[in-house]
Structures are given as C-alpha cells and as structure tokens.
1. By how many nm would the segment from residue 14 to residue 277 grow when fully extended, if each residue of separation counts as 0.36 nm and the alpha-carbon distance is taken off?
2. Nearest-5 percent of antiparallel DSSP beta bridges in the chain?
3. Give, in nm to one decimal, the length gained when the segment between residue 404 and residue 197 is fully stretched (0.36 nm per residue of separation minus the Cα-Cα distance).
4. Note down the nm distance, to one decimal, between modelled labels 7 Å out along Cα→Cβ at residue 35 and at residue 323.
5. Measure off 7 Å from each Cα along the Cα-to-Cβ vector at residue 394 and residue 215, then give the distance between these two points in nanometres to one decimal.
6. What's the ranking of 407-415, 12-20 by average number of surrounding C-beta atoms within 10 Å, highest first?
7. Can you tell me the FRET efficiency between residue 247 and residue 2 if r is taken as the Cβ-Cβ distance and R0 is 25 Å, rounded to the nearest 0.05?
8. Assign one of three labels to region 383-456, namely rounded, prolate or oblate, based on the Cα gyration tensor with a ≥ b ≥ c the square roots of its eigenvalues; rounded applies when a/c is under 1.5, prolate when it is not and a/b is larger than b/c, and oblate otherwise.
Ligand code: LFR
C-alpha cells in the first residue's frame, strides 16, 4: 500500500503542535504543520491552562495540515476539564503545578493507607495525581455542578467531534485505575467519595473516536469525513510506543522534555512494597503493556533557570557547561521540591547547600549541575527499575525533546555506563501517528512499528565514557 498521512495533535506543557506523519511500508516522515505556545495563566484563584487558546492552536494546525486520513490527540497527563449538564466547560482547567493539592495526599492516606493505595493503583506518589486534585476539589462549585470530567486530550476530542470518552493510558495516571484489571478501581473511589460516573466510558488506543464535526470542517477548511482515532493519549505513552527498539533488544527508556520519565516497558505491574518505597509508577501503555517508570523533574529545571536569567543564548551556555569537568555539585532531580515554578537557580543552590555542597557560582556551572543531576537521576531510576522488576537491560533509548541536548545524552550514557540511543525527538507525535496508522491498516504490530522507526529515523548513539567512580561519589553526596 502507498503512504498515507495522519495528523498528530501533541500538546506539551510549554507548547502544542500539529504534526503530519506520512506512513507507508518503508516510509515514516514527520513534518510540522503548526506550533503554538502553551502559556499557563496565573489567575487570582491559581494556575490555570488556557484551554481555548490550545483549541484555537489545534484548529489552526488542522487547517495547516490539510487532507489527512485521521486525527489523533495526545497531551500531558492528569489534568481535566469539567462540563456542566449542557456540555459546556466549567471554568479553566487547573494546572497540575497549582498548589491546591498541598496536604491532600495526607488526607487521602487517613482513609486509605499508602500501602493499600499503591497495591490497588500502582501509582507513584505525586501530589498532582487526578485523585488528589478531585479530593481537593470536593465541595467546590464547579465540581458540584459538573456532570462530566474529560481529561485534556479527551476534552479536545470532544470539542472536535461532539463525542466523549476516557482514554485508558491517560486514565491510568488518575490513580483511579487498577493496572491489573486495566479498569476503574471502584471500591477505592467509593471510599474516597470520588464519583466515577462523571468519567465517560473507557476507550483504548486504536478505537474510533468520532468524526470532525461540520463546524470544525468549516473552521479548518477540510472536507469530511475525517475520523478521529483514539491514540495513547498520554504523551508519555505515545512516546514509549515510539521507542525505536529493535527486535529482542533489552532496553530501558527515558522520555525527555519538561519531565524525564525513566523506566521500563513491562508485561505486568510491579506492586511490591519495595517498589512503592522507591516511588515507581505503573502507568498503562499500548497493547497491554505497563510503563514502569519514575518521574524526574527533567529539563524543567533548566527551563526555569533560563526564564529566571532572562533567556540567555542556550547553545553558548551548553558549550561552556560541556567544558566544565564534572560531576561536582548535584541535586536530587526527582525531588518534588522542584515542582512549583519560580526562583529556580536559588532553589537549586539551596539544595546544594543542604547536602553540604558548594553551589556553582556561574550560570554555566549551574547548567552543568542541572544536567549532571539529571544524568544521575536517570541512572538511579534505570538501575532501580531493573532490580525491582527483575528485568536487566543492555541499552538506554532516550526519546523526546531532550535528545537535542547532546550533553545530556552523553552524560546519561556516562552515568548509566550503558550506550544511549538518542531519538526520535518528536516521539510523542510519532507514537500518536503510528497508533493511528496501525488502526487504519498502514503498519503492523508493535515490533513492526518499532522496526519501521529504527529503519527510518536518525538515531545517534552515545557510548559511555570514562569510569563511573565520580558518579558514585556524586550519588553518595545525595544519600545523606
Ligand atoms: C509528561 C507528562 C508526564 C506526567 C506529567 C504531568 O509530559 O505527561 O508523564 O507525569 O506530564 O501530566
């Protein structure tokens, strides 16, 4: 069969894009139709997403994309919009970095002990999990008026098609899904007073999700019918679907961007106490897989430093950072203390001091500190995941925007003592496209899709340099 085009709407924490992927037996090409900023808004009531600006960007993108066989939507996880009885959006979706969930996990644990919560949902403790957001919202006017809750990609799909659903991979980040049954954890929700009936029915990657409505066709200048296909709507699930592993390869992955999500693709969740204590999450992937991983703060740390410094020239800063011998000062890059925005250079310096280290005195030094800290957090997550899941690996696939940062890739290889295969950078969009292409018969099963990726994408390889002793020393400084 000849190549066909699919549109991937991929919404990230700082920008959204509409990409067009052309897929054929030996073809996988991605082009950008439109990219637009995603600027969270700090209102008096808190940090909010500008859902209407996002939707406008999606419509502009679909217009620019032109004729496609189908559209798929993925975004960051856990956040949602509420709809009233008429299907209208109730207010601005709350940003997961908003502080309304402060102290909520403790409240939830008074009803359901942490051990039981983990054994039932397999989710890491993160203050922003949808469950905590919903408990925080109990008794508020929008939740009381809400008849429907739609996760962000499902909200966009609803606006495009008029149809509602809850996509499973993203639903698995709510902390309301049991990863063993891949269905709602109903008794748990009941005990916490969370009404699961506001979620529309679950749908799975590959399921049809309706057609662009007449109003959307008109607004975008497209000719119908244009189907919307359910993809792995959690961006990280789409990115993992696009890890270009070759057949039989034993691999770990790191999805890099605003976050670093580091871990393994497994056939079954790991729900042990040890795994809970190590704060690994069991999110769901395509084809019955489990994404066993840890959230690491990622390039957010650097983005926030750059914002604080008034956006200096990044390539120059990275060149200078690369010339500094390291690792010297490091911080715990998985620490939730770095979640909120603001004053990042100061907060990193504080974290150095608390662990008895001299904070770097220059911007390049601090940049190097962030990248060394990320490399160390990558190594720690990958080592612990292998041990906890009894699943050894020989190679680390780094995908996502962070693959453009050569220093980060090299330092990750050095710290892990494993080869790093870097790319694709647009992994979420490619995973989105591949799941659509598969649903429409243009690509085979998961191994076939990965073979296609490894044949068609440029994938630089980084071999580990030097010995790992300095990394052990750096790690020991954080162990206090
Ligand atoms: C990455 C990501 C992570 C999720 C975080 C918050 O974009 O989706 O997987 O933990 O954003 O939603």
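Values quoted throughout were computed directly from the atomic coordinates according to the rules given, and no laboratory measurement underlies them. Keep in mind that this is a model prediction, so the values were computed, not measured. Here Cβ is always computed from backbone atoms with ideal geometry, including for glycine, and neighbour counts include all displayed protein chains.
1. 91.6 nm
2. In the chain, DSSP labels about 70 percent of beta bridges as antiparallel.
3. Values: separation 207, 0.36 × 207 = 74.52 nm, distance 4.25 nm.
Full extension from residue 404 to residue 197 adds 70.3 nm.
4. With each label placed 7 Å out from Cα toward Cβ, I get 2.8 nm.
5. Going by the 7 Å Cα→Cβ label model, 5.5 nm.
6. Working: 407-415: 25.0, 12-20: 20.6.
Top of the packing list down: 407-415, 12-20.
7. Numbers: r = 26 Å, r/R0 = 1.03.
The computed FRET efficiency comes out at 0.45.
8. Working: a/c = 2.67, a/b = 1.58, b/c = 1.70.
Oblate, because a/c is 1.5 or more while a/b does not exceed b/c.
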